[in-house]
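Report on the following structure.
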Amino acid sequence: MASLFAHAARRASLRHIRRLAAIRPGDASRQVAAIYDQVEAEFGMLAPPVALHAPAPEVLEAVWLILRETLLAGDPADRAEKEVVAAAVSAANSCPYCVQVHGAALRGVRDGDDSALVAAGRAGDVRDLRLRSLALWVQGVGAAPAWLTPQRAASFVGVAVTFHYLNRMVNLFLEESPLFGMPAPGRALGLRAAPRIFGRLAKVAVSPGIPASDWAQGNTPGDLAWAVPLPPVADAMSRGCARIETAGVEALPPRVRALVCERLDDPAEAGPGLALRPWLDAVLGGLPGGERHVARLALLTAYASQRVTDADIADFRAAGGLDDALVRLTAWASMAAARRAGRMLGSSLEGFAG
């Protein structure tokens, strides 16, 4: 049963959602309401990065399964290092909302200057060698830490992939700050209270392994092989990613999916940089006109989610795209980019004895 705090936080949480119609618990389908209840019971509140997926219930369930098994489940003593990963990846992806939330959670479970430095995007200045090596590795600028075991590596890559995904969706569909809409005195109070609130929520023990509806368990895809040493994470990632892949098939034309995957698989592709329009024009030139607005949104989601504009969303809607299709499209592109990041981290572990 959700706590009084969780009930009180519902309205504020849903106000963070933009560009999508937020689905209130009282208006939700049975499937969505059940997931909301579980999120409140185990996360401690209806987390806006999860709730924004409600227009596409199968994606909502997939994302909650992945987030639960990577970040929440397991030994609470490991949560500080998981929050280091979440905050460091969010800083690298320029996701201010996730940086504020998970920077606060990190300070709440491990107070001190090093936690503040990670939250500020200054992982290279962290004095604790263990935390610094972990943060720099998941940001892609350092080697795999020598103290990793295969199980811990799977745990941390899982959190990194989860936040590569969530950062993109949050940049698209949430306000920049969890304190959005609060008057200045309230924001100051919220900033001071956030480490205590999120730190308390992060200390709750969550048992690994939950069934996801009636989804069949399948083999772990090759690009998720890094998760195999930790079966609950491998299972959650395999099933969740399969559902998001199916959602993408529904939402994007085959040529668009092929184009995005081709770009993500090309090691020479660095994204748009400062020259956004010339990059998009060059990449999209071979597509028929009717598919370019979908491909543009998918590519921007994968490579530069913080640069998606209201006009990009309006173009998608003008072609008949509703909220459910918008969530499925952007979820697919976000996960495609996140899985690429996971492949890169996984490859850094090859031949690594731990």
Test: residue in the stretch 74-94 that is more than 20 Å from Val126 (Cα to Cα) and in contact with a strand residue (DSSP E or B) (Cβ under 6 Å, 6 or more places away or on another chain): no
Per-region count, the stretch 122-162, residues outside any helix (DSSP H, G or I), more than 19 Å from Leu345 (Cα to Cα) and not basic (Lys, Arg): 2
Test: residue in the stretch 231-242 that is of a type outside the set (Val, Ile, Thr) and at pLDDT below 70: no
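Considering only residues that are out of contact with any helix residue (DSSP H, G or I) (no Cβ under 7 Å at 6 or more places or on another chain) and either touching a residue at least 40 places away in the same chain (Cβ under 8 Å) or among the β-branched types (Val, Ile, Thr) (or both), which ones fall in the stretch 13-37? Give the derivation first.
Here is the first cut: in the stretch 13-37, the residues out of contact with any helix residue (DSSP H, G or I) (no Cβ under 7 Å at 6 or more places or on another chain) are 15, 26-27, 30, 34, 37.
Arg15, the sole residue that qualifies.
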Any hit, the stretch 249-260, residues being under 19 Å from Ala319 (Cα atoms) and among the acidic types (Asp, Glu): yes
Which numbered condition Asp315 misses (of (1) assigned to a helix (DSSP H, G or I); (2) crowded, with 17+ Cβ neighbours inside 10 Å; (3) modelled with pLDDT under 95): (2)
Hits in the stretch 107-118 (condition: within 14 Å of Ala86 (Cα to Cα), without any contact (Cβ under 8 Å) to a residue 40 or more places away in the chain and in contact with an Asp or Glu (Cβ under 7 Å, 6 or more places away or on another chain)): Leu117
Residue ranges of helices (runs of 4 or more DSSP H) in the stretch 2-53 with at least 2 members closer than 13 Å to Glu175 by Cβ and modelled with pLDDT of 95 or more: 48-51
Wholly within the stretch 252-309, helices (runs of 4 or more DSSP H) carrying at least 1 residues that are of a type in the set (D, E, K, R) and surrounded by 14 or more Cβ atoms within 10 Å (Cβ to Cβ): 254-265, 289-304
Which listed residue is of a type in the set (Gly, Ala, Ser) and modelled with pLDDT of 95 or more, from Ala268, Ala325, Ala282: Ala325
The stretch 82-134: number of residues that are surrounded by 20 or more Cβ atoms within 10 Å (Cβ to Cβ) and among the acidic types (Asp, Glu): 2
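Among the residues of the stretch 295-323 satisfying the criterion of being hydroxyl-bearing (Ser, Thr, Tyr) and in contact (Cβ under 8 Å) with a residue 12 or more places away in the chain, which is farthest from Arg340 (Cα to Cα)? Don't jump to the end; show me each part of the working.
Step one: filter the stretch 295-323 for residues hydroxyl-bearing (Ser, Thr, Tyr), giving 301, 303, 305, 309.
In the following step, the residues that additionally are in contact (Cβ under 8 Å) with a residue 12 or more places away in the chain were identified as 301, 303, 305.
Numbers: Thr301: 14, Tyr303: 11, Ser305: 16 Å.
Result: Ser305.
Might you let me know whether the stretch 55-75 holds any residue that is assigned to a loop (DSSP other than H, G, I, E, B) and buried (at least 24 other Cβ atoms within 10 Å of the Cβ)? Show your work before the answer.
First, pick out the residues of the stretch 55-75 that are assigned to a loop (DSSP other than H, G, I, E, B): 55-56, 73, 75.
Narrowing the set further to residues that are buried (at least 24 other Cβ atoms within 10 Å of the Cβ) leaves 56.
Yes: one or more hits.
Answer with yes or no whether Ala88 is over 18 Å from the mean Cα position of the chain (by Cα), part of a helix (DSSP H, G or I) and at pLDDT 95 or above. First the steps, then the outcome.
Values: over 18 Å from the mean Cα position of the chain (by Cα): no; part of a helix (DSSP H, G or I): yes; at pLDDT 95 or above: yes.
Criteria not met by Ala88.
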Given (1) in contact with a strand residue (DSSP E or B) (Cβ under 7 Å, 6 or more places away or on another chain); (2) hydrophobic (A, V, I, L, M, F, W, C); (3) under 16 Å from His102 (Cβ atoms), number of the condition Leu166 does not satisfy: (1)
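The values are calculated or read from the model by the stated rules, or taken from the named source; none is laboratory data. Computed from a prediction, not measured in an experiment: that's the story for all the values here. Glycine also receives a Cβ, built like all others from the backbone with ideal geometry; neighbour counts cover every protein chain displayed.
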